[in-house]
Amino acid sequence: MAERRRAPIVVGIDGSETGRHALEWALTEARLHQRPVQVVHVWAYEPVNDVLLSSSRQIHRESRELVRREIARVTEGMDELPTITQASIPGYPAGVLTEVSENAAMLVVGRHRGGVLRQALVGSVSSACVRRALCPVIVIPAAPRRRTNTVEI
């Protein structure tokens with residue numbers, strides 16, 4: 001039981017505002033329950049598409065930098081941070097996140113706004129995590145769209 005008590009909170013980030021909200025939520029929860037946080041960014045290298053743009057080594061380096069940058073941005077000004085570990089892992093996001101979180105206290109992911117077509121074509125990482133994860137999954141919603149109150153005449 002003591003091992004489960006110290007299980008980390010795993011949070012998936014992607015450099016988006018919603019990912020930062022997920023990280024912030026995970027850090028707050030970790031402080032409340034005295035748990036470590038494992039921050040994970042999942043990336044993919046597709047040689048056909050990326051051969052002219054960059055190598056897998058460069059994409060991995062950029063992923064590690066994204067993780068460092070996002071942690072620094074979210075933790076700026078925070079006191080009493082929990083232990084934070086970082087991971088940059090190649091693969092399919094939902095598969096990697098559910099595997100990494102197998103023994104976690106929980107998995108935290110952001111939910112991006114997307115229409116039905118996007119969901120049908122690309123799928124939803126947050127939905128896949130909810131279906132596959134062996135631990136509780138917290139899904140942080142995307143910020144609501146701002147409405148403009150303009151009247152056309």
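Read-outs throughout are calculated quantities, based only on the coordinates presented, and are distinct from any laboratory measurement. Keep in mind that this is a model prediction, so the values were computed, not measured. Glycine also receives a Cβ, built like all others from the backbone with ideal geometry; neighbour counts cover every protein chain displayed.
A compact table of results
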{"quantity": "Net charge of Cβ neighbours under 10 Å - reference residue 98; Lys, Arg +1; Asp, Glu -1", "calculated": "0"}
{"quantity": "Long-range HN-HN contacts of residue 37 with modeled amide H, under 5 Å", "calculated": "9, 83, 84, 85"}
{"quantity": "Cut-off under 5 Å, modelled amide H: who pairs with residue 108 long-range", "calculated": "10, 11, 12, 138"}
